[in-house]
Amino acid sequence: MTKKIDDKTIAYVSTLASLELLPEEKESAKKDLSQMLDFVDCLSQLDTEGVSPMSNVFNEVNVFREDEVVNSDGSEATLHNAPEKKDRYFVVPKTIEP
């Protein structure tokens, strides 16, 4: 089992996270953090001999599409589904009164 989470640790973590916890929330947070650390402790017991480190689970590396130059800003396609438009602009209800 990992180090027991105490009130001092909860106070420190809640300060870092800018949280104000009620006493019952502190108890719940202690329990939750302890469970998380126990899980991580279980992971450290796994045999990883022969498993190479990786940054993600996919084998692909830098899979990007090629840039395609087009002579359009896409505004016509964007405005196509607009409920109301005028020239090249969306028409929306006024939100600020003068």
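Rounded to the nearest 10 degrees, the angle from helix 7-16 to the longest Cα principal axis of the chain is 20 degrees.
Amide H contacts for residue 85 (H built 1.01 Å from N in the peptide plane; partners 5 or more residues away or on another chain; cut-off under 5 Å): 91. In terms of its C-alpha gyration tensor, the chain comes out oblate, because a/c is 1.5 or above while a/b does not outweigh b/c. Rounded to the nearest 10 degrees, the angle from helix 23-44 to the longest Cα principal axis of the chain is 80 degrees.
The peptide list 44-53, 79-88, put in order of mean Cβ contacts within 10 Å with the highest first, becomes 79-88, 44-53. The number of Lys pairs in the chain with C-alpha atoms less than 24 Å apart, excluding pairs fewer than 8 positions apart on the same chain, is 11.
Quick note: the coordinates plus some simple rules give every number you see, no bench work behind them. As the structure is a computational prediction, the values presented were derived from the model and not from experiment. Please note: Cβ atoms are built from the backbone with ideal geometry, for glycine as well, and neighbour counts cover all protein chains shown.
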